[in-house]
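Written out below as structure tokens is the structure these notes cover.
The values are calculated or read from the model by the stated rules, or taken from the named source; none is laboratory data. Only a predicted model underlies this, so the values are computations on that prediction, with no experimental measurement involved. Glycine gets a Cβ as well: all are built from the backbone with ideal geometry, and neighbour counts include every protein chain shown.
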Number of protein chains: 2
Amino acid sequence: MTEPITRATCAAHDAADPLAPLRAQFALPEGVNYLDGNSLGVLPAATAARVQQVVTDEWGSGLIRSWNTAGWITLPQRVGDKIGRLVGAKSGELVVADSTSVNLFKVLSAAAQIARADDPARTVIVSERSNFPTDLYIAESVAAQHGMTLELLDIDAIPARLGPDAAVLMLTQVNYRSGRMADMAAVTAQAHAAGALMLWDLAHSAGAVPVDLNGANADFAVGCGYKYLNGGPGAPAFCWVHPRHAERFWQPLSGWMGHAAPFVFEPGYRPAPGIGRFLCGTPPIIGMSALECGVDTLLAAEPLGGMAALRAKSVALSELFIALVRQRLGGSGLTIHTPLDAAQRGSQVSLGVPPDGSIDGYAVMQALIDRGVIGDYRAGDGTAAEPHLLRFGFTPLYTRFVDVFDAIDALADILARASWREARFMHKGAVT
Amino acid sequence: MTEPITRATCAAHDAADPLAPLRAQFALPEGVNYLDGNSLGVLPAATAARVQQVVTDEWGSGLIRSWNTAGWITLPQRVGDKIGRLVGAKSGELVVADSTSVNLFKVLSAAAQIARADDPARTVIVSERSNFPTDLYIAESVAAQHGMTLELLDIDAIPARLGPDAAVLMLTQVNYRSGRMADMAAVTAQAHAAGALMLWDLAHSAGAVPVDLNGANADFAVGCGYKYLNGGPGAPAFCWVHPRHAERFWQPLSGWMGHAAPFVFEPGYRPAPGIGRFLCGTPPIIGMSALECGVDTLLAAEPLGGMAALRAKSVALSELFIALVRQRLGGSGLTIHTPLDAAQRGSQVSLGVPPDGSIDGYAVMQALIDRGVIGDYRAGDGTAAEPHLLRFGFTPLYTRFVDVFDAIDALADILARASWREARFMHKGAVT
């Protein structure tokens with residue numbers, strides 16, 4: 001794209017976009033250009049009424065009877081099966097429960113047990129140094145409990161490290177900072193070739209890019225409900241385990257909902273068959289019902305080509321963003337910190353702040369937010385290798401091509417006017 | 001009470017009850033006499049609007065900004081402080097997070113670490129055989145991970161077992177089956193005298209009876225949000241730790257929200273000071289906001305005497321229930337399975353089904369529910385020692401004296417007519 005991209009061109013893309021009607025599924029606030037769905041997805045239009053129904057009818061009127069009459073007791077499996085359709089899990093292989101961090105503790109504990117049982121010499125959990133911190137913190141804990149070590153490497157150094165002591169390779173498929181996406185099938189095959197188990201965190205993948213856990217022959221996965229799945233703030237998360245491992249471990253969070261017969265009230269724990277043992281406490285019905293509405297917004301794309309069609313639009317959005325950065329922000333000093341090869345990119349683009357300190361990325365993002373363009377800011381160490389970042393997420397269900405144009409337009413204007421210099425005020429970081 | 005208790009007498013009690021206005025805080029369904037608040041509390045009238053506000057305004061309009069502008073990020077502490085007022089915890093000592101089962105895993109892991117650090121010979125976790133099963137399942141897991149053993153005893157055999165190998169005594173203060181309540185201060189003192197740590201599950205205590213964790217000098221506690229706290233189905237739970245232990249252990253579920261600086265995104269885990277390290281993943285904002293409304297219904301009793309006044313009414317309700325059982329059901333074969341001494345009773349009464357099989361307790365409870373009287377049925381082994389039970393919970397915030405009268409009236413009528421024999425149909429158990 002060498003000739004200048006105009007807003008009219010972008011509007012024409014939107015007019016021709018077969019996925020454009022999916023945007024009507026959301027209750028988007030006026031005056032907001034939301035490019036932060038990688039952090040917290042927007043509110044589906046159906047959610048408020050559904051939550052009200054759960055609160056008023058199912059809880060308020062149905063009371064305790066709703067565990068059966070409203071199907072509460074099978075909600076983790078029902079929503080799990082729906083998410084499974086987005087990530088290549090078969091029915092009955094995936095459940096919704098707890099948080100991503102808690103689920104990671106469960107599956108990584110399982111992976112550690114299985115790896116050690118198969119080969120006691122495998123004592124190392126390998127991950128990426130810039131993986132999302134909660135993954136690293138949980139891995140630190142699991143490693144200590146199992147007498148293992150956690151080794152953190154740059155992503156490109158990982159294949160060479162997968163030796164005979166590697167027990168588990170744990171990666172987030174799309175890096176939360178750079179937006180770089182791993183090839184799930186290829187990396188899983190590398191791990192398996194080295195004798196290691198493969199655990200994927202799909203926090204920035206589920207609902208964002210096509211995922212095929214069974215097709216990739218992965219071992220374990222967890223994922224987040226409140227990002228691209230539009231489940232709401234702190235929505236329940238999910239976990240998946242390949243059936244070949246499903247009954248080979250003790251799930252340490254052995255709560256009653258993961259018992260083979262929870263309502264028999266036996267004093268001893270007997271794990272439920274298969275994925276059921278990943279449940280722990282009583283499921284959070286209100287939040288899980290909201291999550292179901294969010295997942296339904298993605299399943300609504302199935303007649304239009306599903307995740308493959310959404311991915312094609314996501315790539316088109318991020319390509320447009322990158323082209324506009326080059327055209328409009330070429331001399332700004334901002335760098336593109338996300339792979340230029342679309343195949344290596346998730347559904348976000350991160351712009352690096354120049355290491356010379358000439359741009360205050362935090363203040364620039366505040367100025368953007370003040371204009372209704374919501375991305376987010378993630379501090380790095382400020383070097384060219386790990387710069388401070390302006391992150392922009394593209395959620396193809398509701399992001400339009402004109403939204404991308406308008407965001408760059410606002411950013412170019414802010415940088416030109418240096419109006420961001422007035423936007424320096426303190427606030428706390430937001431939850432990714 | 002030797003002369004027959006009439007409905008008019010009960011109505012007079014209600015008319016004279018200073019706590020009666022608290023019932024207006026709830027959206028109680030028509031035609032339901034709900035005596036199952038020990039399993040799932042009823043819907044507060046304020047909850048639906050508050051949840052709608054969180055969904056529509058805070059999430060829908062505020063989006064990611066609401067982590068700061070709507071105070072989401074401090075919600076676990078804010079609601080925790082409110083619950084703290086009900087259970088004798090100081091501000092900053094208690095947080096809301098995850099489920100009761102998950103929280104029990106955290107605090108029992110902490111207790112096991114501390115006990116072993118102080119005295120490696122202490123290797124036994126002691127609990128009650130008829131404790132709620134999820135507590136036992138989690139304890140089984142923690143014991144195995146720490147090379148400890150779990151010993152389950154009848155409640156009266158526990159003091160003699162607290163020898164030099166006892167690491168932790170873990171009890172639910174009010175037993176879910178019998179409704180028997182332990183004297184928290186006395187039992188804690190027994191555990192400490194034997195050198196063991198004391199962990200209380202307040203699932204059937206918080207919001208039901210006065211609790212003073214600091215006054216009793218307890219070590220750890222967890223509790224449930226969806227029973228007497230009226231937080232809604234699967235509401236988040238809470239945990240508390242005495243400040244003397246707060247920084248003496250590694251919390252195994254070391255997620256990012258328990259990090260000392262979660263938004264600095266460091267690769268290594270540094271626990272937050274104090275109770276903050278009990279947080280793990282991103283807090284479930286919708287469910288936690290609903291829980292806050294439930295907790296507020298209890299705090300509304302503070303000007304009327306608070307938990308002490310609620311307890312006095314609870315005792316009056318259960319005394320009335322027991323008196324009516326004696327007057328109306330004396331020849332039925334049903335037994336009172338809950339201590340007759342009110343000081344040893346929580347806020348429920350359980351009736352035992354005769355071991356001769358002459359009454360089908362399950363069918364009787366179904367017949368009661370068909371008439372709008374909702375208690376629940378818990379199977380035992382059918383012996384006189386552990387009978388099948390009809391459980392009735394008395395929530396003094398909304399249960400009236402006439403409700404108790406009407407429940408016994410319906411039960412007497414059902415038993416007299418044997419209409420329960422027609423009510424045998426299959427359904428699955430409900431969540432306690």
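Some points to look at:
- B:A70 meets all of the listed conditions (1) touching a strand residue (DSSP E or B) at 6+ places or on another chain (Cβ under 7 Å); (2) among the aliphatic types (A, V, I, L, M); (3) surrounded by fewer than 20 Cβ atoms within 10 Å (Cβ to Cβ) but one, namely (1).
- Residue within the stretch B:216-237 that is free of Cβ contacts under 8 Å to residues at least 40 places away in the same chain, within 21 Å of the chain's Cα centre (by Cα) and surrounded by 24 or more Cβ atoms within 10 Å (Cβ to Cβ) present: yes
- For the stretch A:121-147, a residue qualifies if it is under 27 Å from B:A112 (Cβ atoms), of a type outside the set (S, T, Y) and away from every other protein chain (no Cβ under 14 Å), and the qualifying residues are A:R122, A:V124.
- Close pairs (7 angstrom Cβ cut-off, 6 or more residues apart or separate chains): facing another protein chain (nearest Cβ under 10 Å) and closer than 18 Å to B:G71 by Cβ in the stretch B:267-284, part of a loop (DSSP other than H, G, I, E, B) and polar (S, T, N, Q) anywhere: B:T282/A:S99
- Single residue of the stretch A:385-409 satisfying the filter (more than 12 Å from chain B (Cβ to nearest Cβ) and free of Cβ contacts under 8 Å to residues at least 60 places away in the same chain) that is surrounded by the fewest Cβ atoms within 10 Å (Cβ to Cβ): A:A385
- The stretch B:323-351 - residue that is hydrophobic (A, V, I, L, M, F, W, C) and surrounded by 20 or more Cβ atoms within 10 Å (Cβ to Cβ) and, of those, nearest to B:A15 (Cα to Cα): B:L324
- Among the residues of the stretch B:106-120, those identified as in contact (Cβ under 8 Å) with a residue 24 or more places away in the chain, away from every other protein chain (no Cβ under 12 Å) and surrounded by fewer than 22 Cβ atoms within 10 Å (Cβ to Cβ) are B:I114, B:R116, B:A117, B:D119.
- Flag if A:N103 is surrounded by 24 or more Cβ atoms within 10 Å (Cβ to Cβ), under 21 Å from the mean Cα position of the chain (by Cα) and in the same structural domain as A:P396 (by TED's automatic domain parsing): no
- Tally of residues being more than 7 Å from chain B (Cβ to nearest Cβ), β-branched (V, I, T) and farther than 15 Å from B:V42 by Cβ across the stretch A:33-72: 1
- Selection count where residues are more than 7 Å from chain A (Cβ to nearest Cβ), at pLDDT below 95 and crowded, with 19+ Cβ neighbours inside 10 Å, scope the stretch B:252-266: 1
- If you check A:R180, A:R161, A:R122 for being farther than 27 Å from A:A97 by Cβ and either under 20 Å from the mean Cα position of the chain (by Cα) or aromatic (F, W, Y) (or both), only one passes: A:R180.
- If you filter the stretch B:31-85 down to residues that are free of Cβ contacts under 8 Å to residues at least 12 places away in the same chain and assigned to a loop (DSSP other than H, G, I, E, B), you find that the one that is farthest from B:G234 (Cα to Cα) is B:G62.
- Within the stretch B:364-384, the set of residues being touching a Pro at 6+ places or on another chain (Cβ under 9 Å) and either away from chain A (no Cβ under 12 Å) or crowded, with 24+ Cβ neighbours inside 10 Å (or both) comprises B:G382, B:T383, B:A384.
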